[in-house]
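Have a look at the structure below before the remarks.
A short reminder: the numbers here are calculations on the coordinates, not readings from a lab. None of these values were measured; they are calculated from a predicted model. When we count neighbours, we look across all protein chains shown, and the Cβ atoms used for this are built from the backbone with ideal geometry, even at glycine.
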Amino acid sequence: MIRLAVKEDLPRILEIYAAARKFMREQGNPNQWKAGYPALSVLEQDIDSGSLYVDEAEGTPYGVFFLSAGPDPTYSRIDGEGWRSGTSYGVIHRIASDGTRKGFLHAAVAFARERFSHLRIDTHEDNLPMQNALAKEGFSHRGTVYLANGDPRLAYDWLGMEKVLVIGCPGGGKSTFARALRDKTNLPLYSLDMIWHKPDKTNVTREEFDARLGELLKEPRFLIEGNYARTLEMRLAACDTVFLLDYPVEVCLAGVESRIGKKREDMPWVETEFDPEFREYILHFAAERLPYIYQCLNNARGKRVVIFHSREEAADFLETL
């Protein structure tokens, strides 16, 4: 349970930071948090300002972090790509655990995301575990910032879901999930099938499709549903979040069969039969298409990637929004 820290927590908080400093040294990071940082006086100020939080289990804190609204003077100058947004943001500092429980960073970041749609954080260049963890949480490395004493730090930011892709095997329910996500987030929803297909069952040209897609990717907010692997890398470069529905083939086949003869919001005409070629495409999707998708996702640095392996997982995620 995450709660505000109080003065009575300080002895335990100091133990947590001591454990974190020991872990840093053991991981080849001896220069971050030197000389007993953070000082007791700093932690007392954090508590007085209502900015220090602890995560506890069975009444005992095992993690601690600073969370407050910006602006933060440390982030006024940045060398590199720069921040992705100039909007108001939350700041995470001095985050540490005693190492006794897994998932603390994820829990702390989730807590922060409930309060801020834009987060900033920094870490030492030698703190590889933190860098890897931030990448997994969807933070993007934006450049280098500098502490008051001039020491450099790697700077990261996270933006809430503003530019979202939904991809996966046909029949898995991409459009159904995308509509539910639209209803939760109010993001404008676009189906690539509606761009590619005409009502008379012909298609637009590739040039027309690419031009329309290019315009969508310039929008400040979007939710784009569909595969079209030829354009995946272009879409990944423009988005901040990707949902991959990686479901068993039998689920996808059943999904297509269930929609035959039904009018759909994401298709300009009604499917009247399960096309044999389309069935073969689905049967071989995992072997022929998924490896490329996963390769692209692995190369998409700074993006939040969420993978569902069942519709129950997707439904559970929507419940958290």
*Over region 195-297, calculate the relative contact order: mean separation of alpha carbon pairs under 8 Å at least 6 apart, over the residue count, as a percent.*
25
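Please give the net charge around Tyr146, taking every other residue with its beta carbon less than 15 angstrom from that of Tyr146, where Lys and Arg add +1 and Asp and Glu add -1.
On the way: positive: Arg77, Arg120, Arg142, Arg153; negative: Asp72, Asp79, Asp122, Glu125, Asp151.
Around Tyr146, the charge tally is -1.
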*Could you please rank Asp48, Asp246, placing first whichever residue has the fewest other Cβ atoms within 10 Å of its Cβ?*
Asp48, Asp246
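Give me Ile260, Ile13, Ile195 sorted ascending by neighbouring Cβ count inside 10 Å, so fewest comes first.
Numbers: Ile260 11, Ile13 23, Ile195 20.
Sorted ascending by nearby Cβ count, the order is Ile260, Ile195, Ile13.
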*Per residue, how much space in cubic angstrom lies within the convex hull of the C-alpha atoms of region 2-159?*
108
*Please give the helix 10-26 orientation as an angle from the longest Cα principal axis of the chain, in degrees from 0 to 90, rounded to the nearest 10.*
70
_Percent RCO, i.e. relative contact order, over the chain, from Cα pairs under 8 Å lying at least 6 residues apart_ = 15
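Starting from the eigenvalues of the Cα gyration tensor, five times each then square-rooted, give me the equivalent ellipsoid semi-axes of the chain, largest first, whole Å. Could the numbers behind the result be given before it?
Numbers: eigenvalues 391, 85, 58 Å².
Each semi-axis is √(5λ); the values are 44, 21, 17 Å.
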*asked:* If the elastic network links every pair of Cα atoms under 10 Å, which of Gly255, Gly160, Gly86 fluctuates the most in the Gaussian network model of the chain?
replied: Gly86
*Fewest-first ranking of Ile282, Ile121, using other Cβ atoms within 10 Å as the exposure measure*: Ile282, Ile121
*Inter-centroid distance (Cα atoms) of region 268-289 relative to region 93-127, Å*: 42
_Three semi-axes of the equivalent ellipsoid, region 144-201, Cα gyration tensor, whole Å, largest first_ = 41, 13, 11
*State the Cα centre-to-centre distance between region 12-76 and region 168-236 in whole Å.*
43
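For region 243-314, build the convex hull from the C-alpha positions and give me its volume per residue in Å³. Spell out each step's value before the answer.
Details: hull volume 8.5 nm³, N = 72.
That works out to 119 Å³ per residue.
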*Cα pair distances exceeding 29 angstrom across region 163-320, given as percent*: 12
